[in-house]
Amino acid sequence: MNFVSHLEGALNGARLDPYTQHTTHEERPILVRYDLDTAAKKLNRGLLRDRRQDMWRLSELLPLRTQAVTLGENMTPLLPCPELGRSYGLHNVWVKDESTLPTGSFKSRGQAVAISMAKHFGTTRVAISTAGNAGGAMAAYAARAGLEAFVFMPEDTPRVNQVETVLAGANVFLVSGLIDDCGKIVREGKNKMGWFDISTLKEPYRLEGKKTMGFEIAEQFGWKLPDVILYPTGGGTGLIGMWKAFHELAAIGWLDSTRMPRMVAVQSDGCAPVVKAFESGNRFCEKFENAETIARGIRVPSVIGDFLILDAIRESQGRAVAVREDRILEWVKKATSLEGISFCPESAACVGALELLADEGWIRPDEHVVIFNCASARKYVDIVDPRLPKLDPAAAIDWDAIAASSK
Ligand SMILES: *Cc1c(COP(=O)(O)O)cnc(C)c1O
């Protein structure tokens with residue numbers, strides 16, 4: 001049972017039928033809407049007490065009508081990071097560690113819902129343009145659902161993403177270009193190949209999966225939201241989804257709508273279309289030319305959900321900030337070694353934003369700040385050459401050299 005009432009064109013508010021399969025509306029994203037007045041009367045927070053600790057806990061505000069295609073999407077840990085916080089003079093820094101999800105990134109949340117819905121509507125073949133993790137997740141869920149998958153990724157996508165996608169049985173292609181070039185191929189292939197496009201915001205349901213991050217944060221903080229959320233922004237689905245979740249929870253009376261977090265979209269200065277639009281006061285992004293960052297998940301030069309991201313940031317009195325590309329690896333090492341949480345480079349960019357915003361005084365020492373760790377460094381083995389010293393057990397061990405290596 002859920003409270004879906006209709007679908008809605010995100011830009012023009014057009015009302016659409018929730019019982020048929022949709023892609024976009026006039027080339028803009030579509031949102032799922034719920035009858036929140038009825039939900040407010042029927043639902044209370046106590047309901048959650050006896051439910052499984054997974055992403056489907058608040059199924060009344062999710063769109064599924066049939067059984068979920070699932071790989072066991074656990075609720076992810078919210079971990080205090082006192083050492084990382086202290087290093088910037090902050091007392092309440094938390095990491096939401098999404099790396100514990102199936103396929104090792106938060107892309108599973110979106111794919112679990114999108115693939116479940118695609119299967120429900122009778123789809124047999126799906127396609128995606130991806131910077132890496134979404135392709136890996138989509139391939140896994142498509143395999144689980146028995147759907148045929150086509151995945152298009154840039155040729156320099158991390159090897160782990162290439163391998164996981166192929167192993168899940170998808171048809172994978174390396175494109176000599178970026179994710180928008182991949183997107184063009186998926187679009188052009190639609191008629192000939194008859195596939196359903198699961199790329200970011202090309203259908204309404206990935207966003208609903210990502211929304212569950214907002215549900216979890218609200219619940220894990222005891223229904224009092226943090227002051228600031230730092231989100232590494234590529235297509236922006238997670239930021240848009242959380243903002244939607246907070247409003248839905250406020251509408252059913254579970255949250256105080258006057259205490260919303262300031263949402264911060266974090267990008268690398270190597271690919272910062274959202275930051276450019278934010279700083280110019282625009283609601284839409286221009287394509288970011290010559291985009292390049294080792295944080296592949298946020299290497300998204302053209303942003304289809306631009307106005308949704310920018311609206312959410314502005315409504316929340318948040319920001320869009322670009323951090324230095326040439327320091328991302330430094331932040332990966334710093335955060336991972338201080339806290340033991342394996343930070344992906346995208347989330348390391350958020351550590352950079354933490355540094356910047358704490359320095360500016362925009363984040364105050366006692367404020368509660370959440371950083372999203374969307375995947376882990378384990379998915380990016382190619383970005384570090386560990387250059388480890390070698391030892392020959394047959395020769396005498398140089399203990400002085402070993403002692404000298406101690407940090
Ligand atoms: C996809 C991805 C992002 C960006 O998420 P969006 O919601 O698309 O903006 C950030 N980090 C990682 C690791 C990702 O895979």
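Counting just the residues of segment 250-265 that are under 26 Å from T293 (Cα atoms) and out of contact with any Asp or Glu (no Cβ under 8 Å at 6 or more places or on another chain), which one comes out nearest to the ligand (Cβ to nearest atom)? Can you show your working first?
Of segment 250-265, the ones under 26 Å from T293 (Cα atoms) are 262-265.
With the extra rule that they be out of contact with any Asp or Glu (no Cβ under 8 Å at 6 or more places or on another chain), the set shrinks to 263-265.
Numbers: M263: 12, V264: 12, A265: 8 Å.
Per the stated criteria, the residue is A265.
May I ask you to say which residue of S87, S99, S116 is within 16 Å of the ligand (Cβ to nearest atom) and among the hydroxyl-bearing types (S, T, Y)?
Numbers: S87 fails: within 16 Å of the ligand (Cβ to nearest atom); S116 fails: within 16 Å of the ligand (Cβ to nearest atom).
Result of the check over S87, S99, S116: S99.
So for segment 256-270 (the condition being more than 27 Å from P77 (Cα to Cα) and open to solvent by less than 40 Å² (accessible area, probe 1.4 Å)), does at least one residue qualify? Full working, then the answer.
If we filter segment 256-270 for residues that are more than 27 Å from P77 (Cα to Cα), which is where we start, we get 269-270.
Now restrict to residues that are open to solvent by less than 40 Å² (accessible area, probe 1.4 Å): 270.
Among the residues of segment 256-270, at least one is more than 27 Å from P77 (Cα to Cα) and open to solvent by less than 40 Å² (accessible area, probe 1.4 Å), which makes the answer yes.
I198 fails exactly one of the following numbered conditions: (1) open to solvent by less than 10 Å² (accessible area, probe 1.4 Å); (2) over 18 Å from the mean Cα position of the chain (by Cα). What is the number of that condition?
(2)
With the requirement that a residue be over 19 Å from M138 (Cβ atoms), at pLDDT 95 or above and open to solvent by 10 Å² or more (accessible area, probe 1.4 Å), what does segment 59-73 give you?
Listed by number, the residues that qualify are S59, E60.
Only one of (1) under 23 Å from C350 (Cα atoms); (2) hydrophobic (A, V, I, L, M, F, W, C); (3) assigned to a strand (DSSP E or B) is not met by A134, so which one is it?
(3)
Of the residues that make up segment 14-27, is at least one in contact with a strand residue (DSSP E or B) (Cβ under 6 Å, 6 or more places away or on another chain) and more than 21 Å from L207 (Cβ to Cβ)?
No: segment 14-27 contains no residue that is in contact with a strand residue (DSSP E or B) (Cβ under 6 Å, 6 or more places away or on another chain) and more than 21 Å from L207 (Cβ to Cβ).
Name, by its number, the condition in (1) among the polar types (S, T, N, Q); (2) without any contact (Cβ under 8 Å) to a residue 24 or more places away in the chain; (3) in contact with a Gly (Cβ under 7 Å, 6 or more places away or on another chain) that does not hold for T200.
Exception for T200: condition (2).
Where in segment 1-107 are the strands (runs of 3 or more DSSP E), entirely inside, with at least 2 residues that are over 30 Å from E164 (Cα atoms)?
Numbers: elements: 4-9, 30-34, 78-80, 92-97.
Once the strands (runs of 3 or more DSSP E) in segment 1-107 are filtered for at least 2 residues that are over 30 Å from E164 (Cα atoms), what remains is 4-9, 30-34, 92-97.
Which residues, taken from segment 130-144, are away from the ligand (no atom under 12 Å from the Cβ) and buried (at least 24 other Cβ atoms within 10 Å of the Cβ)? Break it down stepwise before answering.
In the first step, residues of segment 130-144 are kept if they are away from the ligand (no atom under 12 Å from the Cβ); the result is 139-144.
Once the filter is applied, which keeps residues that are away from the ligand (no atom under 12 Å from the Cβ) and buried (at least 24 other Cβ atoms within 10 Å of the Cβ), segment 130-144 yields A139, A140, Y141, A142.
Considering each residue of segment 290-323, count those that are assigned to a loop (DSSP other than H, G, I, E, B), within 13 Å of the ligand (Cβ to nearest atom) and of a type in the set (A, V, I, L, M), and give that number.
Residues meeting the conditions: 5.
Looking at R299, R327, which one is among the basic types (K, R), open to solvent by less than 40 Å² (accessible area, probe 1.4 Å), touching a helix residue (DSSP H, G or I) at 6+ places or on another chain (Cβ under 8 Å) and over 25 Å from P226 (Cα atoms)? Spell out the reasoning first.
Working: R327 fails: open to solvent by less than 40 Å² (accessible area, probe 1.4 Å).
From the options R299, R327, the qualifying one is R299.
State whether the residues of segment 97-113 include one that is more than 15 Å from the chain's Cα centre (by Cα) and small (G, A, S).
Step one: of segment 97-113, the residues more than 15 Å from the chain's Cα centre (by Cα) are none.
No, segment 97-113 has no match at all.
Taking the condition of being away from the ligand (no atom under 15 Å from the Cβ) and open to solvent by 20 Å² or more (accessible area, probe 1.4 Å), how many residues in segment 216-249 meet it?
Qualifying residue count, segment 216-249: 8.
Rundown of residues vs (1) more than 22 Å from G89 (Cα to Cα); (2) among the β-branched types (V, I, T); (3) surrounded by fewer than 19 Cβ atoms within 10 Å (Cβ to Cβ), yes/no style:
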{"site": "S337", "(1), (2), (3)": "no, no, yes"}
{"site": "A349", "(1), (2), (3)": "no, no, no"}
{"site": "A358", "(1), (2), (3)": "no, no, no"}
{"site": "I371", "(1), (2), (3)": "no, yes, no"}
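The values are calculated or read from the model by the stated rules, or taken from the named source; none is laboratory data. Computed from a predicted structure; not experimentally measured. Ideal geometry is used to build each Cβ from the backbone, glycine not excepted, and the neighbour counts take in all protein chains shown. Accessible surface areas use protein heavy atoms only, side chains included; no ligands, DNA or RNA. Shrake-Rupley method; radii C 1.70, N 1.55, O 1.52, S 1.80 Å.
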